[in-house]
Amino acid sequence: MIRIISLASFTAVFLLVVPARADELNIYFKTTPNIERLRPYADPATMSLLVTDANGRPLTDGSVTIRLDAPRSGGFFSTDFPWVEGTRLQEMQLDLRRGRANWKYLFPIRGQYRLAVNVSTADGRKESKQFTFNVRENEKKWGTLAAFSTGLFFLGFIAGRVFTDVPKGIVIIVFALLAASGTRADNNSSDNDAGAALEVGPAMVGQPTLVHWRFKNHIDSASSRVLLSLAIVHLEKAKTVFEVERIPVPGEFAMNFQFTDGAEYRLVAVGEEAGSAPIRSEKIISVSALEPPTKAMIPAFGYFIGLIALGLIAGRWSKRRDTVKREE
Amino acid sequence: MERIINAWLNLVVSEQASFFIKSGIFLFVCGATLFFALGASYPAVHDTLHNVRHALAVVPCH
């Protein structure tokens with residue numbers, strides 16, 4: 001009797017588990033180029049999400065909510081954008097097309113990013129997953145830092161040799177600083193097209209800004225979709241920092257997006273609806289910059305001055321050794 | 001220059017102390033110059049050396 005009850009219980013549990021497993025959703029994430037080849041402020045990466053059911057078939061109907069967080073600060077040195085560290089970079093919802101959602105993004109700093117993905121299907125199923133991936137620093141920057149560090153060391157080395165001996169001349173150190181007046185463009189936003197509105201909240205480095213696009217003539221948002229292409233371009237660097245192409249949206253699209261550099265950006269949105277001409281909206285915004293925090297500056301400047309001090313000691317030691325050799 | 005100052009102030013400093021004084025002044029000048037070039041927010045300097053700051057990977061910018 002006990003065996004029969006056990007067998008019946010096991011069968012009941014198995015029958016419950018199987019449908020639950022069939023409801024499972026698989027979420028896959030990849031970037032193009034590969035994550036190993038991504039570098040900050042190099043080229044925008046194409047981010048791709050694929051959602052499939054338990055049988056591996058792409059999900060036909062559903063949406064994904066995406067949250068991208070910047071790497072946390074933690075190393076000895078700050079990155080070149082300290083206010084971006086550990087903050088929310090992006091938050092948006094995209095419709096899945098044949099189980100896929102694609103967008104382009106330009107990573108601002110090195111470190112480990114966190115991408116949280118929440119999937120919702122039309123029949124009420126939900127799944128979430130967090131991806132973490134590491135973006136390495138541009139090797140050219142490490143090379144430049146090494147060359148600059150070597151220069152500082154030798155500056156200290158030469159000074160150390162000069163200061164050790166009785167001065168026979170005057171050492172003149174000239175610090176030439178080139179000052180050129182920078183030009184800053186005024187805040188300038190082009191007129192929106194009559195058929196659509198593109199609105200951007202006050203943008204400041206370190207916090208997400210609401211980007212909202214609305215198709216004015218769209219009436220029935222529930223049944224029909226508008227295809228939206230949206231691109232955000234960093235004007236000074238002439239690089240696309242975010243882009244989605246022809247994504248279906250219900251007449252409007254909103255996302256929280258962090259402009260990671262205190263510079264000017266151009267936003268271009270093109271809305272396409274069946275039976276009407278594409279409507280283009282453009283806006284140029286100026287992002288408010290923030291002074292870097294002191295705690296982010298101290299390690300870098302401590303390192304530079306430490307290198308000069310090491311050079312001074314090495315120069316003194318070198319000069320004294322030469323003097324001893326000459327005397328011998 | 002050093003001998004003129006020594007004669008004027010009637011100071012006698014050892015070679016070691018002289019080295020430390022000169023090194024201290026040198027480090028201070030270098031530190032101030034580095035901070036002015038890579039850390040100050042004065043627009044003319046910042047805009048000119050903006051790319052240098054970012055190229056060094058460890059110097060924070062806005």
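Quick notes on this one:
- Neighbours by Cβ (under 6 Å, 6+ apart or cross-chain): first from the stretch A:24-39, closer than 18 Å to A:Pro58 by Cα; second at pLDDT below 90: A:Glu24/A:Ala54
- Given (1) exposed (fewer than 14 other Cβ atoms within 10 Å of the Cβ); (2) in a strand (DSSP E or B); (3) among the acidic types (Asp, Glu), index of the condition A:Glu282 fails: (1)
- Residue check, B:Phe26 modelled with pLDDT of 90 or more and exposed (fewer than 15 other Cβ atoms within 10 Å of the Cβ): no
- Selection of the stretch B:38-60 for residues being hydrophobic (A, V, I, L, M, F, W, C) and in contact (Cβ under 8 Å) with a residue 12 or more places away in the chain yields B:Leu38, B:Leu49, B:Val52, B:Leu56, B:Val59.
- Tally, over the stretch A:119-145, of residues that are out of contact with any strand residue (DSSP E or B) (no Cβ under 8 Å at 6 or more places or on another chain) and either within 14 Å of chain B (Cβ to nearest Cβ) or crowded, with 16+ Cβ neighbours inside 10 Å (or both): 10
- A:Leu94 more than 14 Å from chain B (Cβ to nearest Cβ), surrounded by 20 or more Cβ atoms within 10 Å (Cβ to Cβ) and in contact with a Ser or Thr (Cβ under 7 Å, 6 or more places away or on another chain): yes
- Unique residue being closer than 30 Å to B:Glu15 by Cα, in contact (Cβ under 8 Å) with a residue 60 or more places away in the chain and of a type in the set (Gly, Ala, Ser) when the list is A:Gly302, A:Gly311, A:Gly271: A:Gly311
- Residue identified as closer than 17 Å to B:Gly31 by Cβ and either under 28 Å from the mean Cα position of the chain (by Cα) or of a type in the set (D, E, K, R) (or both) among A:Ile305, A:Ile313, A:Ile298: A:Ile298
- There is no residue in the stretch A:310-325 that is at pLDDT below 85, charged (D, E, K, R) and part of a loop (DSSP other than H, G, I, E, B).
- Top-ranked residue in the stretch A:32-61 [being of a type in the set (Ser, Thr, Tyr) and not in a loop (DSSP other than H, G, I, E, B); ranked as nearest to A:Leu115 (Cα to Cα)]: A:Ser48
- Selected residue (only one of A:Ala300, A:Ala289, A:Ala309 is at the interface with chain B (Cβ under 10 Å from one of its Cβ atoms), in contact with an Asp or Glu (Cβ under 9 Å, 6 or more places away or on another chain) and among the hydrophobic types (A, V, I, L, M, F, W, C)): A:Ala289
- Any hit, the stretch A:160-171, residues being more than 30 Å from the chain's Cα centre (by Cα) and more than 10 Å from chain B (Cβ to nearest Cβ): yes
- Of the strands (runs of 3 or more DSSP E) lying entirely inside the stretch A:85-130, those containing at least 1 residues that are at pLDDT below 95 and among the charged types (D, E, K, R) span A:88-95, A:100-105.
- Selection from the stretch A:36-62 of residues that are under 15 Å from the mean Cα position of the chain (by Cα) and either buried (at least 17 other Cβ atoms within 10 Å of the Cβ) or at positive phi (or both): A:Leu38, A:Arg39, A:Pro40, A:Tyr41, A:Pro44, A:Ala45, A:Met47
- Filtered residues of the stretch A:63-82 (kept if under 12 Å from the mean Cα position of the chain (by Cα) and either surrounded by 18 or more Cβ atoms within 10 Å (Cβ to Cβ) or of a type in the set (Phe, Trp, Tyr) (or both)): A:Leu68, A:Asp69, A:Ala70, A:Pro71, A:Phe81
The values are calculated or read from the model by the stated rules, or taken from the named source; none is laboratory data. Quick caveat: nothing in here was measured; it's all calculated off a predicted structure. Here Cβ is always computed from backbone atoms with ideal geometry, including for glycine, and neighbour counts include all displayed protein chains.
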